[in-house]
Amino acid sequence: MSIAAEAAGFGAEGDRARFSDLYADVESYYSARVAKYGATPRGVDWSCQATQDLRFVQLLKLCDFSAPFSLNDIGCGYGALCAYLARRHPQAEIDYLGIDLSLAMISRARRRFSAPGRRFKVGRGSPRRATYSVASGIMNVNIGGCRRSWEAFVAEMLADLRRASLRGFSVNFVTGEAAATADAAQVQLYCTSPEPWIHYCERELGCTVETVDGYGMNEVTLLARCRDC
């Protein structure tokens, strides 16, 4: 059985409570990060704005900017993607919704970026189906769980992204040795081969998957397009 298949079935019954615990741990961790480092890349565990923006470039290869679209930003943090979109795609018509577990993050995002067509919400996932959904880094920092439980959590998050997306979603994974900015003992970087998650998105979620790599970091971005769109 593949690693993704094992993960997909791991939390089907009693492990919903474990997911709740993981969500609570993630919320607590990132609220502490933004309290310590503010609305900066370090506040969401990236080393600098340049690499944060480089990840946005890959994730947004999913989107067709020639026509209006709606976008879910899952794990939006303090809203850095809004600033990036304003700089790089100022003419694009985007109905943006940012979702994050952390009220501390969402409060900062609302103060900085709320505007017509830009909204922010505290939550685990999107309350709506958008044209596209993106998630930058939310799979990569394992907050205190064993690898198997974290992979069940990842499978659940990918399924949520699929449900929230009309045309497709994009995510990134760390694929090799990489330096984490995390400085808490209970946090570990989740490194994985992309193949199990490609197969999971194709077989379980009904997507075709394009991989993007070779952009100078030990990671890969998956662009998952819904077959039924």
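The values are calculated or read from the model by the stated rules, or taken from the named source; none is laboratory data. Being a predicted model, the structure only gives us computed values, none of them experimental. Glycine also receives a Cβ, built like all others from the backbone with ideal geometry; neighbour counts cover every protein chain displayed. Remember, those area values only see protein heavy atoms, side chains included, never the ligands or the DNA or RNA. Shrake-Rupley method; radii C 1.70, N 1.55, O 1.52, S 1.80 Å.
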Of all residues in region 81-96, which are closer than 22 Å to residue 43 by Cα, aliphatic (A, V, I, L, M) and in contact with a strand residue (DSSP E or B) (Cβ under 8 Å, 6 or more places away or on another chain)?
81, 85
Could you please find all residues in region 24-82 being free of Cβ contacts under 8 Å to residues at least 40 places away in the same chain and basic (Lys, Arg)?
33, 36
Which residue out of 75, 137, 145 is open to solvent by less than 50 Å² (accessible area, probe 1.4 Å) and at pLDDT 95 or above?
75
Subset of region 134-161 [assigned to a helix (DSSP H, G or I) and not acidic (Asp, Glu)]:
147, 148, 149, 150, 152, 153, 154, 155, 157, 158, 159, 161
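In region 8-66, what count of residues is obtained for those that are at positive phi and either out of contact with any helix residue (DSSP H, G or I) (no Cβ under 7 Å at 6 or more places or on another chain) or at pLDDT below 85 (or both)? Give the derivation first.
We begin by selecting, within region 8-66, every residue at positive phi; these are 38, 45.
With the extra rule that they be either out of contact with any helix residue (DSSP H, G or I) (no Cβ under 7 Å at 6 or more places or on another chain) or at pLDDT below 85 (or both), the set shrinks to 38.
Residues in region 8-66 being at positive phi and either out of contact with any helix residue (DSSP H, G or I) (no Cβ under 7 Å at 6 or more places or on another chain) or at pLDDT below 85 (or both): 1 in total.
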Residues of region 39-62 classified as open to solvent by 20 Å² or more (accessible area, probe 1.4 Å) and out of contact with any strand residue (DSSP E or B) (no Cβ under 8 Å at 6 or more places or on another chain), total
14
All but one of (1) part of a strand (DSSP E or B); (2) crowded, with 22+ Cβ neighbours inside 10 Å hold for residue 131, so report the exception by its number.
(2)
Candidate set: region 52-79, residues that are aliphatic (A, V, I, L, M) and over 15 Å from residue 115 (Cβ atoms); chosen: the one farthest from the chain's Cα centre (by Cα):
67
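Taking only region 77-128 into account, find how many residues are part of a loop (DSSP other than H, G, I, E, B), closer than 18 Å to residue 52 by Cα and small (Gly, Ala, Ser). Let's see the steps before the verdict.
From region 77-128, those part of a loop (DSSP other than H, G, I, E, B) are 77-79, 89-93, 101-102, 114, 116-117, 123-128; that's our starting set.
From what's left, closer than 18 Å to residue 52 by Cα: 77-79, 89.
With small (Gly, Ala, Ser) added as a condition, the list becomes 77, 79.
Looking only at that region, the number is 2.
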Matching residues in region 78-122 (open to solvent by 30 Å² or more (accessible area, probe 1.4 Å), touching a Pro at 6+ places or on another chain (Cβ under 8 Å) and within 24 Å of residue 154 (Cβ to Cβ)) number 1
Run down 175, 208, 181 and say which single residue is modelled with pLDDT of 95 or more, farther than 13 Å from residue 59 by Cβ and more than 15 Å from the chain's Cα centre (by Cα).
208
Report, ordered by the first and then the second residue, all pairs with beta carbons closer than 6 Å, sequence separation of six or more or different chains, a first member in region 122-142 that is without any contact (Cβ under 8 Å) to a residue 60 or more places away in the chain, and a second member that is among the acidic types (Asp, Glu) and open to solvent by 40 Å² or more (accessible area, probe 1.4 Å).
125/160
